[in-house]
Amino acid sequence: MDQYRVFGNPIAQSRSPFIHLAFAKATGQQLHYKSQFVEHGEFANAVNDLIALKGKGANVTAPFKEEALAIADVLSERARLAGAVNTLTLKDGKIYGDNTDGEGLVQDLLRHNIELRDSNILLLGAGGAVKGVLLPLLAQNPTSITIANRTVSKADALIKQFNDGRLNACGFEQTVNQAFDLIINATSASLSGNLPAISSSIINSKVVCYDMVYSKQLTPFLSWAKEQGASTVIDGLGMLVGQAAVSFAIWREVKPEVTPVINQLKKALLES
C-alpha cells in the first residue's frame, strides 16, 4: 500500500491523518498515511527512510518547512516564493516540493462565495504564513493587497520579493480609515489570545474577516471583529482541509470533496 507521512515536532495535535484517510475513503484510494514525530536535526533522515520504504509523499509542518525546501530537487513557483514547503512528492528518484497553504486559503474563501477579483485585501502579518499565500491570492486578480505588520520593514521586504504593483506595506496603526473588502489575520496573535493592533475603524458589516487559526469557539480576532460589526467571519479550519485537499490531488490525481471532512472536524471540535 502506498505510504504517506506528515512530519513535525510536535505532531500529536496534527489532524492530517484524519483528513487524508477521510479523503482516501471518499475517493476509493488505497493508501497508508500516518503522523511521524521527527527530532531536530533528523528531518532529512526521516525523508530518506520514507524513500527507502518506497513512500510516495509527505506533508511537512513546523518546524521543518524550510528544511523541506532545502532538500527538494524540484520546487514549484509558489514554494520558491513562499520560502517553505509543506508538500513533498517522491517519484522518479526525485523530491518535488510544493506549498499548498495559499491555494487552500483561496479555495476556502471561494467556497464561502467571497469575491476576490477586484477586491481590496488586508493581510495582517509579514511572516511565513503571509509569504505562503501571496502568490495564490494575487492570481485571483484583486485590486490591491496591503500587508500590515508591526515592523513595516518586514512587509516592505515581502513587497520587494514579490515585485507586484498591487502590493502595499504599512504598520498596523496606518490601517486607520482605509477601506478593505477582506481582512485576513495571518499573525499568531490568536494563539496567545491577543489581537493585532489595528483600528476598529476599518471593520464594518461589509468587510469579511478571516483568521488562519481555528478553535472550538470564535478566535479572539474573529470575536473582536464581530463586536465591531463584521457580519461575515471565517476561521481557518477550511484552509487546513483545503491545503490538504490540494496535496492529496497532487499525489493521487483526484480532487476530494472538502465540505464533508470540514463538517466532521467541526463536530469533533465541539465534542472535544
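Derivation of every value follows stated rules applied to the coordinates shown; laboratory data play no part. Quantities reported herein were computed from a predicted structural model and do not represent experimental measurements. Ideal geometry is used to build each Cβ from the backbone, glycine not excepted, and the neighbour counts take in all protein chains shown.
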**Study point:** Estimated distance in nm for a label pair at GLU39 and GLU253, the labels positioned 7 Å out from Cα along Cα-to-Cβ
**Key:** 4.0 nm
Study note, to complete from the structure: Applying the gyration tensor rule to the Cα atoms of the range 102-235 (axes a ≥ b ≥ c; rounded if a/c under 1.5, else prolate if a/b exceeds b/c, else oblate), the class is rounded
**Study point:** Set of lysines with alpha-carbon distance to LYS267 below 20 Å, sequence-local pairs under 8 removed
**Key:** LYS25, LYS216
Review point. What order do you get for SER190, SER153 when you list them from fewest to most C-beta neighbours inside 10 Å?
Key: SER153, SER190
Revision key, fill the gap. In deg cm²/dmol, rounded to the nearest 500, the helical mean residue ellipticity at 222 nm of the chain, built from -39500 (n - 2.57) for every DSSP H run of length 4 or more, is -11500 deg cm²/dmol
Check your understanding: Restricting attention to the alpha-carbon atoms of the range 81-148, what are Rg (one decimal) and Dmax (integer), both in Å?
Key -> 13.7, 43
Check your understanding: If we count other beta carbons within 10 Å of each Cβ, what is the order of HIS20, HIS40, HIS32, HIS112, fewest first?
Key -> HIS40, HIS112, HIS32, HIS20
Check your understanding: Rg and Dmax of the range 156-231, using alpha carbons, in Å: what are they?
Key -> 13.2, 38
Practice item. Could you work out how far apart the two model spin labels at ARG111 and LEU53 are, taking each label as a point 7 Å from the Cα in the direction of the beta carbon, and quote it in nm? Key: 2.7 nm
Exercise for review: Would you order THR61, THR259 from fewest to most other beta-carbon atoms within 10 Å of each residue's own beta-carbon?
Suggested key: THR259, THR61
**Study point:** 5 angstrom amide H check on GLY57, placed H, neighbours 5+ away
**Key:** ARG5, LEU90
Exercise for review: Calculate the spin-label point distance for THR143 paired with ALA179, positioning each point 7 Å from the Cα along the beta-carbon direction, and give it in nanometres.
Suggested key: 0.6 nm
Review point. Among VAL176, LEU240, SER144, whose Cα lies farthest out toward the positive end of the dipole of the chain, if unit charges sit on the beta carbon of Lys, Arg (+1) and Asp, Glu (-1)?
Key: LEU240
Check your understanding: Mind checking which of PHE180, PHE64, PHE162 has the largest fluctuation in a GNM of the chain, springs on alpha carbons under 10 Å?
Key -> PHE162
